[in-house]
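Here is the structure we will look at.
The values are calculated or read from the model by the stated rules, or taken from the named source; none is laboratory data. Every value quoted in this text rests on a predicted model; they were computed, and no experiment measured them. Note: ideal-geometry Cβ built from the backbone for every residue, glycine included; neighbour counts use all protein chains shown.
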Amino acid sequence: MLQEQTQELAVAIATVTQALQDSIKALNQRLDQANDTTRKGFADQKVIVDDMGKDLRAIRERVDDTNVRVSNVREELEALRTSISSAPPQTALPPSTDPNAPPPPPAPTTGSPPSTAGLSPTRMFDTAMADYAAGQFTLAVTGFEAFLRTFPRSEMADDAQFQIGESYFALNRWTDAIAAYNAVTQNYPMGDKVSQAFYKRGLAQERLGQIDAARESWNNVLQRTQDSDPVHTLAQQNLDRVARRPTP
């Protein structure tokens with residue numbers, strides 16, 4: 001009887017064990033399915049979020065482009081308004097009663113330079129930049145200075161001042177170039193041309209033999225830029241080059 005009971009108990013235990021294993025297997029399958037569903041849901045959500053991010057970036061780019069166009073139109077309108085307000089009044093001549101009378105002579109011209117009224121900041125800057133690209137550095141300086149007088153608060157004012165320094169640098173007028181670069185660092189300290197102005201000022205000072213001043217300019221570049229910035233690398237190279245010079 002004990003043997004029979006032991007066998008029955010063993011069979012019952014085996015049955016329960018098999019049922020428990022089947023339950024565990026079914027539970028694991030359900031857990032795997034739930035994990036797959038969760039992963040798929042997260043993947044779908046990530047795709048949706050990425051698509052939304054792309055759409056937002058595209059919208060932001062379009063908004064920025066629209067803002068630039070609106071700004072250009074506003075500048076054009078302001079330049080046109082300035083041109084209209086500064087235009088001299090024209091006096092109408094009385095009509096001639098003689099049909100055979102010769103046409104009136106043209107009005108005498110004065111020797112004054114052409115007016116910049118009616119030109120937008122973009123056109124004035126591009127015109128001066130074209131002169132610089134063509135090697136007409138003196139004419140480029142005149143154009144950039146006219147730009148600064150006409151549009152002193154333009155977003156391109158620091159670029160115009162920097163290009164004045166570049167034009168003087170190309171003309172080997174080192175003192176004038178240093179003064180122009182100083183104007184960039186002093187008048188536009190938050191602009192994006194400050195580091196380049198310090199670097200080029202150092203080159204101009206080196207041309208004049210002002211080695212200590214050149215080192216100071218290049219050290220300013222290192223303090224304002226990161227190692228990955230190209231102007232940072234150039235400034236460090238020049239500092240190393242000057243340090244290897246023999247002391248006179």
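Here I24 meets each of (1) at pLDDT below 90; (2) part of a helix (DSSP H, G or I); (3) farther than 30 Å from R149 by Cβ; (4) among the aliphatic types (A, V, I, L, M) with one exception, condition (1). Limited to segment 225-247, what total is found for residues that are over 25 Å from the mean Cα position of the chain (by Cα), exposed (fewer than 10 other Cβ atoms within 10 Å of the Cβ) and of a type in the set (S, T, N, Q)? So the answer is 1.
Identify, please: which residue in segment 120-151 is of a type in the set (S, T, N, Q) and assigned to a helix (DSSP H, G or I) and is, among those, surrounded by the fewest Cβ atoms within 10 Å (Cβ to Cβ)? Please lay out each step first, then the result.
Initially, segment 120-151 is screened for residues of a type in the set (S, T, N, Q), giving 120, 122, 127, 136, 138, 142, 150.
If we keep only those that are assigned to a helix (DSSP H, G or I) too, we end up with 122, 127, 138, 142, 150.
Values: T122: 16, T127: 18, T138: 13, T142: 16, T150: 17.
So, considering only residues that are of a type in the set (S, T, N, Q) and assigned to a helix (DSSP H, G or I), the one surrounded by the fewest Cβ atoms within 10 Å (Cβ to Cβ) is T138.
Residues that are without any contact (Cβ under 8 Å) to a residue 24 or more places away in the chain and within 24 Å of the chain's Cα centre (by Cα) were ranked within segment 186-213; the one that is surrounded by the fewest Cβ atoms within 10 Å (Cβ to Cβ) is M190.
Here's the yes/no breakdown for (1) polar (S, T, N, Q); (2) modelled with pLDDT under 85; (3) within 30 Å of E155 (Cα to Cα):
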{"site": "Q7", "(1), (2), (3)": "yes, no, no"}
{"site": "V16", "(1), (2), (3)": "no, no, no"}
{"site": "Q29", "(1), (2), (3)": "yes, no, no"}
{"site": "T38", "(1), (2), (3)": "yes, no, no"}
{"site": "G53", "(1), (2), (3)": "no, no, yes"}
{"site": "L56", "(1), (2), (3)": "no, no, yes"}
{"site": "R62", "(1), (2), (3)": "no, yes, yes"}
